[in-house]
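Beneath this line is the structure, given in structure tokens, with notes to follow.
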């Protein structure tokens, strides 16, 4: 049997090579740690930490205070240098890069800080527009992008406000909007729900789910709150015919494959896998962490 | 950490900051708007305290010096003594100390607060160099505005001395001004303007370094502000001695 001048086998080969070309980039992990060590004086912060964050995946990093969760994010951004091991962002080893080269890498990454870390002297608009303003983007394009991002985090009305006029939850959402400007393929969340009331914390988690399922963003979500784990690892976002976003629970028959949990203790990874596996692990520390007793 | 190691680390940090801020001048983006804002805040904002300091320093020089000059019958040299003291030493040093107190503290507090609230980390995460965006404009503004503020302090000091001499000791203002004009040489003026260039650099570097290396939350901000002002002031006094000696050698053969 032939399709035009080509045999079926030739056609299959052609499609196969097209698919490989198209998705080859997706095989490279968004972030990869290989045996990363870090110590401050005699205190070990990270001890031979290795993991991969795949494209479009969300990795929930759990652990108590001082377990090294936020350090991982600072290493990805190049704000800290590892003592040993290798860190890859988009396939590029970054631990040997200087500040100037790191600026280029950081443009691929959006970062959401614990308290928002908004610039006090700038308005919400200027905060969200910061990256584009620095890159001398056309003002009309900046305004369009800022409005789009503020709409994404449901803060259209806050555009002219100053950070001091915003509540804690609004500050975090503006922080998320600022991190998403420029469409970074990687977003890092550093305890974005700490100190927020449950409904606001839920809103932040929904934004993370939307980014994962609708925008194909790879993210590291550092947290020590079990509610966040519950929401992000068991719900997914879909868009209905009217363009409305809905959050659906995975249920008994479905397991989200684009979300993994990694748990740290004293700088070492003590668990890596799905949330269902985490709940079955027979480790007293993990049990206590999950149940609080 | 022993004091010598700590000092060497501080020196290394300040030198690196100087290098990064100089490099910030060569590369784009250059923050001209930020430089203008800082010139306004540092230069224009400090003008009144510098004018007042200069005026009353000139006044007190006459108040304390005139009786001695009168004792030796040298009242006509009052203008020269005030002008020389102000232009060579007191104008540059006192202006720098006032600016270190007002601006140095503000810079270290602002940058320190930005560090503890993770705004500096956010800036770096967004692909901006804090040295280029925050340090370079402040240092440029200080180096440009401090010599101008010093000139203002010198002029007001000479004027203040003249007014006090006229009002309290009935010295003719024309005699006073002529004496001041005769007593000052071009080397005095050059020395008086070149010192603030270095003092501005010292205030900018020390304050920015202290602010950017803040640790320990809001208490740490307070510590940074205190050490920024103290270290800037001490460095200014020490640098003044060495600058005076260097300028003396440079202009040797003149009245130095």
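Every number in this text was worked out from the coordinates using simple rules, so none of it is lab data. The model shown is predicted, which means the values in this text are computed figures rather than measured ones. Neighbour counts are summed over all protein chains in view; Cβ atoms, including those assigned to glycine, are modelled from backbone coordinates with ideal geometry.
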Using a 10 angstrom cutoff on alpha carbons, build the Gaussian network for chain A and name the most mobile of A:50, A:185, A:233. A:50
Relative contact order for segment A:222-277: what percent, with Cα pairs under 8 Å and sequence separation of 6 or more? 24
For chain A, set up a GNM with springs between Cα atoms under 10 Å and report which of A:60, A:180, A:97 has the largest fluctuation. A:97
Quick check: the angle from helix B:186-212's long axis to the longest principal axis of chain B, C-alpha only, nearest 10 degrees? 30
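Could you rank the peptides B:21-28, B:178-185, A:197-204 by their average count of other C-beta atoms within 10 Å per residue, with the highest value first?
Numbers: B:21-28: 13.8, B:178-185: 17.4, A:197-204: 15.6.
Ranked by mean Cβ neighbours within 10 Å, highest first: B:178-185, A:197-204, B:21-28.
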Two-decimal Rg/Rh across chain B, once Rg and the Kirkwood Rh are taken from alpha-carbon atoms: 1.06
Extended-chain gain in nm, criterion 0.36 nm per residue less alpha-carbon gap, residue B:170 and residue B:52: 40.2 nm
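Average partner chain C-beta neighbours within 10 Å, per residue of A:69-76? Walk me through the numbers on the way to the answer.
Values: counts 0, 0, 0, 0, 2, 2, 0, 1.
Other-chain Cβ atoms within 10 Å of each residue's Cβ, averaged: 1.
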Segment residue A:274-residue A:93, extension gain: residue separation times 0.36 nm, minus the distance between their alpha carbons: 62.4 nm
Size-normalised alpha-carbon gyration radius of segment B:192-237, reference 2.2 N^0.38 Å: 1.25
What nm value, rounded to one decimal, do you get for the distance between residue A:134 and residue A:281 when each label is placed 7 Å out toward the C-beta? 3.5
Taking R0 as 25 Å, what's the FRET efficiency between residue B:237 and residue B:12 from their Cβ-Cβ distance, rounded to 0.05? 0.65
What percent does the relative contact order of chain A come to when contacts are Cα pairs within less than 8 Å and at least six residues apart? 22
Starting from the Cα of residue B:32, step 7 Å toward the Cβ, then list every residue of segment B:120-141 with an amide N under 17 Å from that point. B:133, B:137-138, B:140-141
Could you quote the convex hull projected area for the protein assembly as shown, Cα atoms only and averaged over all directions, in nm²? 37.6
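Rounded to the nearest 500 deg cm²/dmol, what is the calculated helix-only ellipticity per residue at 222 nm for chain B, with -39500 (n - 2.57) per DSSP H run of length n ≥ 4?
-26500 deg cm²/dmol
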Coarse-grained scattering of chain A at q = 0.07, 0.12, 0.15 Å⁻¹, given as base-10 log I(q)/I(0) from a Debye sum over alpha-carbon atoms: -0.30, -0.84, -1.23
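Out of all DSSP beta bridges with both ends in segment A:70-222, state the antiparallel percent to the nearest 5.
Values: 2 of 11 bridges.
In segment A:70-222, DSSP labels about 20 percent of beta bridges as antiparallel.
Restricting the count to DSSP beta bridges whose residues both fall in the protein assembly as shown, what percent are antiparallel, rounded to a multiple of 5? Before the final figure, lay out each step's value.
Values: 26 of 44 bridges.
Counting only bridges with both partners in the protein assembly as shown, antiparallel ones make up about 60 percent.
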Mind checking the angle between helix B:105-116 and chain B's longest principal axis? C-alpha axes, 0 to 90 degrees, to the nearest 10. 0
Which distance in Å, rounded to a whole number, links the C-alpha centroids of segment A:257-293 and segment B:102-118? 40
Any idea how far the Cα center of segment A:35-67 sits from the one of segment A:151-170, in Å? 32
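I'd like the mean, over residues of B:126-132, of how many other protein chain beta carbons sit within 10 Å of each residue's own Cβ.
Numbers: counts 16, 13, 6, 4, 0, 1, 0.
Mean shielding count: 6.
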Just tell me how shielded A:111-119 is by partners: mean number of partner chain Cβ atoms within 10 Å of each residue's Cβ, no decimals. 5
Obtain the nm distance between the two label points defined at residue B:22 and residue A:15 by a simple spin-label model: each point lies 7 Å from its Cα along the Cα-to-C-beta direction. 6.4
Distance in nm between label sites at residue B:189 and residue A:40, each 7 Å beyond Cα in the beta-carbon direction? 5.4
Ranked highest first by average number of other Cβ atoms within 10 Å, how do A:112-124, B:150-162, A:81-93 line up? B:150-162, A:112-124, A:81-93
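Determine the calculated [θ] at 222 nm for chain A from helices alone, applying -39500 (n - 2.57) to every DSSP H run no shorter than 4 residues and normalising by the residue count; nearest 500 deg cm²/dmol. Walk me through the numbers before you get to the answer.
Numbers: 10 runs with 115 residues, N = 293.
It lands at -12000 deg cm²/dmol.
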Longest to shortest principal axis, alpha-carbon extents of segment A:144-293, angstrom: 51, 38, 26
Peptides A:70-80, A:168-178: what's the order by average Cβ count within 10 Å, highest mean first? A:168-178, A:70-80
Mind jotting down the distance between the C-alpha centroids of segment B:1-41 and segment B:212-250, whole Å? 14
Relative contact order (%) - criterion: Cα under 8 Å, at least six apart; region: segment B:138-243: 33
Between 0 and 90°, nearest 10: helix B:45-71 axis offset from chain B longest Cα axis: 30
